[in-house]
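For reference, the structure discussed in these notes is given below.
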Amino acid sequence: MATVELRFSALPEHVRTARLVAAAVARRAGVEEAALDEVRLAVGEACSRAVGLHQSNGISAPVRVLLTEEEKQFSIEVGDEAPHIVPGDDPAGGDAVEAEAEAEEDEMGLAVISGLVDDVEVTTGENGGMIRMSWPTTPPGAAVFPA
């Protein structure tokens, strides 16, 4: 199992770098060429979400991206350290309108990711969250025949 770990400051300009690294590692891992755009877009969305959460919560910790190549699967985990508001909880500042707007934006980003990736898992908590996405791989040299 090969793993690449990327950590970057929570700044929007670093999201592009994360997308490019993810696509390069996915290609090397054997993700189908047709799925590489989905990888790029999904990673971009997940990283943008993490950057936004860090910035809106004043968190200086880096965003974490873990790219893992397994025997028949390539997975990406994008982690943040932002506290996630549970629906129905009173936000820290008591600004329910702002919290609702952030929640709607968060839901939209997760919907985009779910539309791009068949195998996606989202976990959140008061100490941060993680989006795990995976794609099937084809071993190098393996013949791929249409079904």
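Only the coordinates and a few stated rules stand behind these numbers; no lab work does. Quick caveat: nothing in here was measured; it's all calculated off a predicted structure. In this analysis, Cβ positions are derived from the backbone assuming ideal geometry, glycine residues included, and neighbour counts consider all displayed protein chains.
Structural remarks
- Between the range 105-139 and the range 1-57, the C-alpha centres lie 12 angstrom from each other.
- Taking amide H atoms as placed 1.01 Å from N in the peptide plane, the amide H of Gln73 lies under 5 Å from those of Thr137, each 5 or more residues away in sequence or on another chain.
- Karplus 3J(HN,Hα) series, Hz, for the range 26-37 with 6.51 cos²θ - 1.76 cosθ + 1.60 (x for Gly, Pro): 4, 4, 5, 6, x, 5, 4, 4, 5, 8, 5, 5
- In Hz, Karplus ³J(HN,Hα) per residue of the range 106-112 (6.51, -1.76, 1.60; θ = phi - 60°; x = Gly, Pro): 4, 4, 5, x, 5, 5, 4
- In this structure the amide hydrogen of Arg64, modeled in the peptide plane, comes within under 5 Å of the amide hydrogens of Gly79, none closer than 5 places in sequence on its chain.
- Exposure proxy for Met108, Met133: other Cβ atoms within 10 Å of each Cβ, ordered fewest to most, give Met108, Met133.
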